[in-house]
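Engineer: Questions regarding the structure given below will be posed in turn.
The values are calculated or read from the model by the stated rules, or taken from the named source; none is laboratory data. This is a predicted model, so every value here is computed, not measured. Here the Cβ positions follow ideal geometry from the backbone for every residue, glycine too, while neighbour counts run over all protein chains shown.
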Amino acid sequence: MRPLLVAFVGGPTGRWAVERVETVAGAALAPAPRLSVLQGSAATGGGPPGTAWMLRGVTSNERYVTREEREALRARQEPLGRPAATRAALIPITKSDAWWDLAQDERRRILEERSRHIATGLEYLPAIARRLHHGRDLGEPFDFLTWFEFAAEDTAAFDELVQRLRATEEWRYVEREIDIRLTRRG
(Lines give C-alpha, C1' and ligand atoms only; values in the text may rest on other atoms or scores of the structure.)
Protein backbone atom coordinates (compact mmCIF):
# COMPACT_ATOMS: atom_id res chain seq x y z
CA MET A 1 0.00 0.00 0.00
CA ARG A 2 1.32 3.42 -0.90
CA PRO A 3 1.39 5.95 1.96
CA LEU A 4 -1.83 7.91 2.29
CA LEU A 5 -2.12 11.14 4.30
CA VAL A 6 -5.36 11.22 6.31
CA ALA A 7 -6.81 13.99 8.48
CA PHE A 8 -9.52 13.39 11.05
CA VAL A 9 -11.34 16.69 11.56
CA GLY A 10 -13.52 17.30 14.60
CA GLY A 11 -15.94 20.17 14.00
CA PRO A 12 -19.46 21.18 13.01
CA THR A 13 -19.64 19.10 9.82
CA GLY A 14 -18.82 15.59 8.69
CA ARG A 15 -20.24 12.22 7.77
CA TRP A 16 -19.72 10.85 11.29
CA ALA A 17 -21.65 12.03 14.37
CA VAL A 18 -19.59 12.00 17.55
CA GLU A 19 -21.47 9.89 20.10
CA ARG A 20 -18.90 10.15 22.89
CA VAL A 21 -15.32 11.09 23.59
CA GLU A 22 -13.52 9.41 26.48
CA THR A 23 -10.13 10.60 27.66
CA VAL A 24 -8.44 7.37 28.73
CA ALA A 25 -5.04 8.93 29.53
CA GLY A 26 -3.48 12.38 29.22
CA ALA A 27 -5.01 15.60 27.98
CA ALA A 28 -8.50 15.73 26.51
CA LEU A 29 -9.55 16.95 23.07
CA ALA A 30 -11.96 19.85 22.62
CA PRO A 31 -15.56 18.76 22.09
CA ALA A 32 -16.79 18.39 18.50
CA PRO A 33 -20.22 17.23 17.28
CA ARG A 34 -19.08 15.75 13.95
CA LEU A 35 -16.04 14.17 12.32
CA SER A 36 -14.80 14.32 8.74
CA VAL A 37 -12.17 12.00 7.30
CA LEU A 38 -10.07 13.72 4.63
CA GLN A 39 -7.58 11.83 2.49
CA GLY A 40 -4.71 12.70 0.18
CA SER A 41 -4.40 16.34 -0.86
CA ALA A 42 -7.65 17.18 0.98
CA ALA A 43 -5.84 16.34 4.24
CA THR A 44 -3.09 18.95 3.77
CA GLY A 45 -4.97 22.20 4.46
CA GLY A 46 -6.62 23.60 7.52
CA GLY A 47 -10.05 22.61 8.67
CA PRO A 48 -13.32 24.37 7.83
CA PRO A 49 -14.62 27.18 10.05
CA GLY A 50 -15.44 25.89 13.53
CA THR A 51 -12.86 23.09 13.49
CA ALA A 52 -12.15 22.00 17.07
CA TRP A 53 -9.17 19.80 16.18
CA MET A 54 -7.45 18.15 13.23
CA LEU A 55 -5.40 14.99 13.70
CA ARG A 56 -3.19 13.84 10.85
CA GLY A 57 -1.51 10.55 10.17
CA VAL A 58 -0.14 8.59 7.26
CA THR A 59 -0.59 4.97 6.37
CA SER A 60 2.72 3.19 6.11
CA ASN A 61 4.36 -0.17 5.76
CA GLU A 62 3.48 -2.72 8.42
CA ARG A 63 6.34 -2.36 10.88
CA TYR A 64 5.83 -5.10 13.44
CA VAL A 65 4.16 -7.97 11.58
CA THR A 66 5.72 -11.17 10.30
CA ARG A 67 4.91 -12.42 6.80
CA GLU A 68 2.55 -15.04 8.27
CA GLU A 69 0.72 -12.41 10.34
CA ARG A 70 0.47 -10.04 7.37
CA GLU A 71 -1.03 -12.79 5.21
CA ALA A 72 -3.54 -13.68 7.95
CA LEU A 73 -4.55 -10.03 8.36
CA ARG A 74 -4.98 -9.54 4.62
CA ALA A 75 -7.00 -12.73 4.26
CA ARG A 76 -9.48 -11.75 6.99
CA GLN A 77 -9.53 -7.92 6.92
CA GLU A 78 -12.64 -6.38 5.37
CA PRO A 79 -12.37 -3.03 3.57
CA LEU A 80 -13.37 0.24 5.15
CA GLY A 81 -16.60 1.84 3.96
CA ARG A 82 -18.81 -1.26 4.09
CA PRO A 83 -22.51 -0.26 4.08
CA ALA A 84 -23.24 -2.28 7.25
CA ALA A 85 -20.41 -0.58 9.17
CA THR A 86 -22.38 2.32 10.60
CA ARG A 87 -20.24 2.60 13.74
CA ALA A 88 -16.65 3.72 14.01
CA ALA A 89 -14.01 4.54 16.57
CA LEU A 90 -10.97 6.74 16.28
CA ILE A 91 -8.40 5.98 18.95
CA PRO A 92 -5.39 8.30 18.94
CA ILE A 93 -2.52 7.30 21.24
CA THR A 94 0.88 8.59 22.19
CA LYS A 95 3.47 6.29 23.70
CA SER A 96 6.16 7.25 26.19
CA ASP A 97 9.79 8.05 25.48
CA ALA A 98 10.59 4.74 27.19
CA TRP A 99 8.73 2.95 24.37
CA TRP A 100 10.57 4.83 21.66
CA ASP A 101 13.92 4.29 23.40
CA LEU A 102 13.49 0.54 22.86
CA ALA A 103 14.91 -1.05 19.71
CA GLN A 104 12.31 -2.20 17.17
CA ASP A 105 12.84 -5.87 18.05
CA GLU A 106 12.23 -5.06 21.73
CA ARG A 107 9.00 -3.21 20.85
CA ARG A 108 7.94 -6.19 18.72
CA ARG A 109 8.50 -8.58 21.65
CA ILE A 110 6.28 -6.45 23.88
CA LEU A 111 3.67 -5.80 21.18
CA GLU A 112 3.18 -9.34 19.98
CA GLU A 113 5.13 -11.97 21.86
CA ARG A 114 4.01 -10.75 25.29
CA SER A 115 0.94 -8.58 24.65
CA ARG A 116 -0.46 -10.57 21.69
CA HIS A 117 -1.69 -7.37 19.98
CA ILE A 118 -1.86 -8.79 16.44
CA ALA A 119 -3.21 -12.20 17.49
CA THR A 120 -5.91 -10.55 19.58
CA GLY A 121 -6.92 -8.26 16.71
CA LEU A 122 -7.17 -11.22 14.33
CA GLU A 123 -9.82 -12.77 16.58
CA TYR A 124 -12.16 -9.86 15.80
CA LEU A 125 -11.78 -9.93 12.01
CA PRO A 126 -13.64 -9.66 9.72
CA ALA A 127 -16.32 -7.94 11.84
CA ILE A 128 -14.06 -5.03 12.80
CA ALA A 129 -12.16 -3.34 9.99
CA ARG A 130 -9.22 -1.15 10.90
CA ARG A 131 -6.52 1.08 9.47
CA LEU A 132 -3.48 2.40 11.31
CA HIS A 133 -2.12 5.90 10.69
CA HIS A 134 1.28 7.07 11.91
CA GLY A 135 1.49 10.63 13.24
CA ARG A 136 4.81 10.63 15.07
CA ASP A 137 6.93 11.06 11.94
CA LEU A 138 4.74 13.99 10.90
CA GLY A 139 5.32 15.83 14.19
CA GLU A 140 1.68 15.35 15.18
CA PRO A 141 0.51 15.22 18.82
CA PHE A 142 -0.39 11.52 18.59
CA ASP A 143 1.96 8.73 17.53
CA PHE A 144 -0.83 6.54 16.16
CA LEU A 145 -4.38 7.11 14.98
CA THR A 146 -6.29 3.86 14.63
CA TRP A 147 -9.55 4.00 12.73
CA PHE A 148 -12.05 1.16 13.22
CA GLU A 149 -15.37 0.51 11.46
CA PHE A 150 -17.99 -2.07 12.45
CA ALA A 151 -21.71 -2.82 12.40
CA ALA A 152 -23.88 -1.74 15.33
CA GLU A 153 -24.29 -5.37 16.42
CA ASP A 154 -20.49 -5.68 16.76
CA THR A 155 -20.14 -2.83 19.26
CA ALA A 156 -19.83 -5.17 22.25
CA ALA A 157 -17.13 -7.17 20.46
CA PHE A 158 -15.25 -3.96 19.73
CA ASP A 159 -15.49 -2.90 23.38
CA GLU A 160 -14.11 -6.30 24.40
CA LEU A 161 -11.22 -5.97 21.94
CA VAL A 162 -10.27 -2.56 23.32
CA GLN A 163 -10.47 -3.79 26.93
CA ARG A 164 -8.23 -6.75 26.15
CA LEU A 165 -5.60 -4.59 24.47
CA ARG A 166 -5.61 -2.02 27.28
CA ALA A 167 -4.89 -4.79 29.80
CA THR A 168 -1.58 -5.71 28.14
CA GLU A 169 2.03 -4.83 28.92
CA GLU A 170 2.12 -2.72 25.75
CA TRP A 171 -0.45 -0.30 27.19
CA ARG A 172 1.83 0.53 30.12
CA TYR A 173 3.71 2.67 27.60
CA VAL A 174 0.66 4.72 26.57
CA GLU A 175 0.80 8.29 27.89
CA ARG A 176 -2.17 9.73 26.03
CA GLU A 177 -5.22 8.00 24.64
CA ILE A 178 -8.59 9.28 23.49
CA ASP A 179 -11.48 6.97 22.56
CA ILE A 180 -13.84 8.68 20.08
CA ARG A 181 -17.01 6.75 19.20
CA LEU A 182 -18.96 7.63 16.09
CA THR A 183 -22.11 6.84 14.12
CA ARG A 184 -22.30 7.31 10.37
CA ARG A 185 -24.92 9.83 9.28
CA GLY A 186 -25.74 10.08 5.58
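Engineer: Collect the residues in the range 142-161 that are touching a Phe, Trp or Tyr at 6+ places or on another chain (Cβ under 9 Å) and under 18 Å from L132 (Cα atoms), keeping them in residue-number order. Don't jump to the end; show me each part of the working.
Structural biologist: Residues of the range 142-161 that are touching a Phe, Trp or Tyr at 6+ places or on another chain (Cβ under 9 Å), as a first pass: 143, 145, 147-148, 150, 154, 157-158, 160-161.
The answer is D143, L145, W147, F148, F150, F158, L161.
Engineer: I'm trying to understand the selection: among the residues of the range 61-79, which are closer than 15 Å to Y124 by Cβ and touching a strand residue (DSSP E or B) at 6+ places or on another chain (Cβ under 8 Å)?
Structural biologist: Q77, E78
Engineer: If you don't mind, another one. Could you tell me whether any residue of the range 17-36 is exposed (fewer than 12 other Cβ atoms within 10 Å of the Cβ), within 15 Å of the chain's Cα centre (by Cα) and either touching a residue at least 60 places away in the same chain (Cβ under 8 Å) or over 28 Å from A151 (Cβ atoms) (or both)?
Structural biologist: Residues of the range 17-36 exposed (fewer than 12 other Cβ atoms within 10 Å of the Cβ): 20, 22, 27-28, 30-31.
From what's left, within 15 Å of the chain's Cα centre (by Cα): 22.
The next check asks that each one be either touching a residue at least 60 places away in the same chain (Cβ under 8 Å) or over 28 Å from A151 (Cβ atoms) (or both); those that pass are 22.
Looking through the range 17-36, at least one residue is exposed (fewer than 12 other Cβ atoms within 10 Å of the Cβ), within 15 Å of the chain's Cα centre (by Cα) and either touching a residue at least 60 places away in the same chain (Cβ under 8 Å) or over 28 Å from A151 (Cβ atoms) (or both).
Engineer: Of all residues being part of a strand (DSSP E or B) and in contact with a helix residue (DSSP H, G or I) (Cβ under 9 Å, 6 or more places away or on another chain) in the range 81-92, which is nearest to H133 (Cα to Cα)? Just the residue, please.
Structural biologist: Step by step, filter the range 81-92, then rank; the result is I91.
Engineer: Does E78 satisfy the criteria of being assigned to a loop (DSSP other than H, G, I, E, B) and surrounded by 13 or more Cβ atoms within 10 Å (Cβ to Cβ)?
Structural biologist: On the way: assigned to a loop (DSSP other than H, G, I, E, B): yes; surrounded by 13 or more Cβ atoms within 10 Å (Cβ to Cβ): yes.
It is true that E78 is assigned to a loop (DSSP other than H, G, I, E, B) and surrounded by 13 or more Cβ atoms within 10 Å (Cβ to Cβ).
Engineer: Please tell me if E106 is assigned to a strand (DSSP E or B), modelled with pLDDT of 95 or more and surrounded by fewer than 16 Cβ atoms within 10 Å (Cβ to Cβ).
Structural biologist: Working: assigned to a strand (DSSP E or B): no; modelled with pLDDT of 95 or more: yes; surrounded by fewer than 16 Cβ atoms within 10 Å (Cβ to Cβ): yes.
No; evaluated as a whole, the condition is false for this residue.
Engineer: A further question on this structure: R116 is checked against (1) under 19 Å from the mean Cα position of the chain (by Cα); (2) surrounded by fewer than 19 Cβ atoms within 10 Å (Cβ to Cβ); (3) under 19 Å from W147 (Cβ atoms) and fails just one. What number does that condition carry?
Structural biologist: Here R116 meets the rest and fails (3).
Engineer: Something else about it: Inside the range 7-16, can you point out the residues that are surrounded by fewer than 21 Cβ atoms within 10 Å (Cβ to Cβ) and either in contact (Cβ under 8 Å) with a residue 60 or more places away in the chain or among the basic types (K, R) (or both)? Break it down into steps so the answer makes sense when it comes.
Structural biologist: Residues of the range 7-16 that are surrounded by fewer than 21 Cβ atoms within 10 Å (Cβ to Cβ), as a first pass: 11-13, 15.
R15, the sole residue that qualifies.
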